[in-house]
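The values are calculated or read from the model by the stated rules, or taken from the named source; none is laboratory data. Please read all numbers here as calculations on a predicted model, not as lab measurements. Every residue, glycine as well, gets a Cβ built from its backbone with ideal geometry; the counts of neighbours run over all protein chains shown. Keep in mind that these areas ignore ligands, DNA and RNA; they rest on the heavy atoms of the full protein, side chains included. Shrake-Rupley method; radii C 1.70, N 1.55, O 1.52, S 1.80 Å.
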Amino acid sequence: MGVRKVTEEFNSVMNGKVEYRKKNSTWSAVLLLKARGLSHHLVGKRKTIEFSKPSYKIERHDSDDMRKKILDMTYTEWKSATRKLNHELRKRCPFHLG
């Protein structure tokens with residue numbers, strides 16, 4: 001599975017719809033709200049924080065062969081794949097991280 005396929009899959013998950021606070025939202029919007037809630041909790045603006053809602057249901061699309069191939073990767077192969085993935089993610093990132 002190539003880097004492009006991984007980033008496309010991640011984008012499709014983030015653009016997926018979920019019901020949150022009685023509205024249909026994307027997972028990316030919910031993730032942003034949860035991160036904001038965590039920051040408010042850390043600086044003392046909120047006393048509690050909720051991460052269990054909405055719940056995410058995972059569906060696997062990989063095969064046993066693909067899982068075995070990933071688990072059998074050498075460190076060098078894993079490092080190379082990770083480097084390629086990070087490069088592709090940075091290239092497609094809509095904002096600059098520094």
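Numbers for the structure displayed
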quantity: Using alpha-carbon coordinates, inclination of helix 3-14 to the longest axis of the chain, degrees; calculated: 20 degrees
quantity: Of all accessible heavy-atom area on the range 1-77, the percent that carbon and sulfur account for (1.4 Å); calculated: 56 percent
quantity: Dimensionless Rg/Rh of the range 1-45 - Kirkwood Rh, Rg from C-alpha atoms; calculated: 1.16
quantity: Lys, Arg +1 and Asp, Glu -1 on Cβ, resulting dipole of the range 1-47 about Cα centre, debye, nearest 20; calculated: 380 debye
quantity: Dipole of the chain [Lys/Arg +1, Asp/Glu -1 at C-beta], most positive-end residue of Thr74, Leu85, Asn15; calculated: Asn15
quantity: Whichever lysines have a C-alpha closer than 30 Å to that of Lys34, once near sequence neighbours (fewer than 8 apart) are set aside; calculated: Lys5, Lys17, Lys22, Lys23, Lys45, Lys47, Lys53, Lys57, Lys84, Lys91
quantity: Among Gly2, Leu38, Thr26 - extreme Cα towards positive end, dipole of the chain, charges at beta-carbon; calculated: Leu38
quantity: Ile70 accessible area, assembled protein chains, probe 1.4 Å, Å²; calculated: 90 Å²
quantity: With eigenvalues of the C-alpha gyration tensor scaled by 5 and rooted, the chain, Å; calculated: 31, 18, 15
quantity: R0 of 30 Å, Cβ-Cβ distance His61-Arg36: FRET efficiency to nearest 0.05; calculated: 0.45
quantity: Nearest-0.05 FRET efficiency for Arg83 and Ser12, computed from C-beta distance (R0 30 Å); calculated: 0.80
quantity: Between helix 27-42 and the chain: long-axis angle, C-alpha atoms, 0 to 90°, nearest 10; calculated: 60 degrees
quantity: Computed magnitude of the charge dipole of the chain (debye, nearest 20; Cβ of K, R +1, Cβ of D, E -1); calculated: 620 debye
quantity: Between helix 75-92 and the chain: long-axis angle, C-alpha atoms, 0 to 90°, nearest 10; calculated: 50 degrees
